[in-house]
């Protein structure tokens, strides 16, 4: 299979996705996960991208530390001086089918709450119509004014370098590797202390690799066949989606870097209930994510 498909082949795959939506097997809802399976997968998620990287075609350029050192002041939006060019996305047809890409823009909004020290809490409605999704991922870009939503369909996103992050239900993807045509690289920080994460430092940042070099799917081993994205370890499961409070660092296409953590998947009070008891009552507003983040200076 051509790993750099034309727009027409992507559209064909997307059309097949829509036509086969009723017959394709749907993954189990997160609330039906096997607790032991998900628990054993947490550490595997953190390494899944590295395990699949050996033969990945068309890898995004590796950025050196100077890209962050010489980056524009994060207090303002960086000028249009990207450190990498757009490139064809490998395994695009496979992604379209496996991740159920759609041609309907996600109508949900992003709300940004400014916090102290230039931080933001961004609230993203990633429900996408429910477990049987009817809308594309929410595509967004980190800016000095908060996380800004872009009006892109999943098909558009395969050709766009404007977005940094995509969210739908419990899946969060960065724009690199098999996920998109840009070079937004990421990794889990070694520290769990928010204040201590101040720079990219010696983190081995990587691109999204939830398909291997032969376009075989790499799942997160959770039991629901989710993609092993860089941010997959933000949650674990024992009856409900519990937050790990893992901190991640991402280097953007313009050379700046951000740190981020997912605070909640449910309403905050319901998330506390889930984290403390392993159970969550309804209604709980599942898949309305709260993301805390800031630029690294």
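Structure notes:
- Shape of segment 135-246, Cα gyration tensor, a/c cut at 1.5: rounded
- Distance between segment 225-267 and segment 148-212 - C-alpha centres, whole angstrom: 10 Å
- Sorted by Cβ density within 10 Å, fewest first, the residues 279, 243: 279, 243
- Least to most buried among 251, 290 (fewest other Cβ within 10 Å first): 290, 251
- Per-residue Cβ neighbour rank within 10 angstrom, fewest leading, 163, 293, 194: 194, 293, 163
- Spatial separation of Cα centroids for segment 277-297 and segment 89-129, in angstrom: 14 Å
Values quoted throughout were computed directly from the atomic coordinates according to the rules given, and no laboratory measurement underlies them. In this text the structure is predicted, and so the values were computed from the model without any measurement. Counting neighbours? That spans all protein chains shown, and the Cβs are built from the backbone with ideal geometry, glycine included.
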